[in-house]
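Inspection log for the structure reproduced underneath, given as structure tokens.
The values are calculated or read from the model by the stated rules, or taken from the named source; none is laboratory data. Remember, it's a predicted structure, so these values are computed and weren't measured experimentally. For neighbour counting, all protein chains shown are included, and Cβ atoms are generated from backbone atoms with ideal geometry for every residue, glycine included. To get the accessible areas, we keep the full protein, side chains included, count just its heavy atoms, and leave off ligands, DNA and RNA. Shrake-Rupley method; radii C 1.70, N 1.55, O 1.52, S 1.80 Å.
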Amino acid sequence: MERIRVVIADGHPLFREGLHRVLETDPQMEIAGEAGDGQGAINLARKLHPDVILMDLNMLGTSGLEASRVIHREMPDVKIIVLAIAADEDMLEVIRIGVSGCLLKDVKSTEMLQAIHDVMEGKHAFHSLVTEKLIGEYGRLNAPPTNAGIAALTAREKEVLSLIAKGEKNRGIAGQLFISEKTVKNHITNIFRKLKVKDRTQAAIYAIKNHMIEL
């Protein structure tokens with residue numbers, strides 16, 4: 001099995017060292033490089049094309065937010081897990097960029113490692129407090145009415161929506177529900193239309209807000 005190549009991008013040397021030690025405990029992880037600022041992260045991503053980047057949200061110079069935006073645009077297959085001090089930062093913008101996860105810096109080492117494995121499997125990895133913050137921000141931005149949309153979904157569409165909210169991709173949904181990927185895509189199109197949402201993130205937040213899955 002190929003090792004997961006990880007780049008650590010954080011403005012604090014001691015925190016980078018801590019992450020380095022955590023990753024070394026997992027034999028499947030390989031530390032491809034380290035950067036102390038956003039531009040350094042961009043340069044390393046372009047040079048190394050790692051599997052995962054652990055990205056500090058706030059760094060001097062080019063921020064982690066801007067670096068994530070550039071990297072995702074140029075290399076959408078590189079998984080980015082944003083690391084934030086608190087969930088009160090601009091989480092909605094973080095999601096819009098298209099990152100694979102967002103964790104708080106006080107997360108346990110086991111959760112950090114699991115998050116890396118999860119995003120490599122095509123799932124999302126978001127801290128529960130970040131999810132709650134997203135729900136609040138989405139609601140403030142005129143989220144769709146809660147009951148009407150859910151009531152319009154078929155039982156199968158609800159199953160698909162629940163799996164979307166858990167971070168499953170189309171292939172994973174198809175496998176779990178024993179249907180084709182084409183059928184999954186058709187269900188997702190219907191879900192977006194009925195809930196009046198534009199993408200998977202909005203659909204996932206809708207599902208969480210309506211208690212379709214547990215935080």
Exception for R69 within (1) of a type outside the set (G, A, S); (2) surrounded by fewer than 15 Cβ atoms within 10 Å (Cβ to Cβ); (3) under 18 Å from G98 (Cβ atoms) falls at (2)
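Out of the residues in segment 159-190 meeting the condition of being of a type in the set (K, R) and modelled with pLDDT of 90 or more, tell me which one is nearest to I208 (Cα to Cα).
Keep residues of segment 159-190 that are of a type in the set (K, R), which gives 166, 169, 171, 182, 185.
Those still in the list that are modelled with pLDDT of 90 or more too: 182, 185.
Values: K182: 25, K185: 21 Å.
Residue satisfying both the conditions and the ranking: K185.
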Being within 27 Å of D37 (Cβ to Cβ) and either modelled with pLDDT under 90 or in contact with a Pro (Cβ under 7 Å, 6 or more places away or on another chain) (or both) narrows D88, D77 down to just D88
Which of the helices (runs of 4 or more DSSP H) contained wholly in segment 156-214 include at least 1 residues that are closer than 23 Å to A125 by Cα and of a type in the set (S, T, N, Q)? 170-177, 200-209
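Is it the case that A207 is in contact with a Ser or Thr (Cβ under 7 Å, 6 or more places away or on another chain), crowded, with 19+ Cβ neighbours inside 10 Å and either within 23 Å of H117 (Cβ to Cβ) or in contact (Cβ under 8 Å) with a residue 24 or more places away in the chain (or both)?
Values: in contact with a Ser or Thr (Cβ under 7 Å, 6 or more places away or on another chain): yes; crowded, with 19+ Cβ neighbours inside 10 Å: yes; either within 23 Å of H117 (Cβ to Cβ) or in contact (Cβ under 8 Å) with a residue 24 or more places away in the chain (or both): yes.
So A207 fits the description; yes.
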Go through the residues of segment 17-34 one by one and say whether even a single one is hydroxyl-bearing (S, T, Y), open to solvent by less than 40 Å² (accessible area, probe 1.4 Å) and either over 26 Å from G172 (Cα atoms) or touching a His at 6+ places or on another chain (Cβ under 9 Å) (or both). no
Here is a list: H49, H72. Which entry is touching a residue at least 12 places away in the same chain (Cβ under 8 Å), out of contact with any Gly (no Cβ under 7 Å at 6 or more places or on another chain) and more than 18 Å from S109 (Cβ to Cβ)? H49
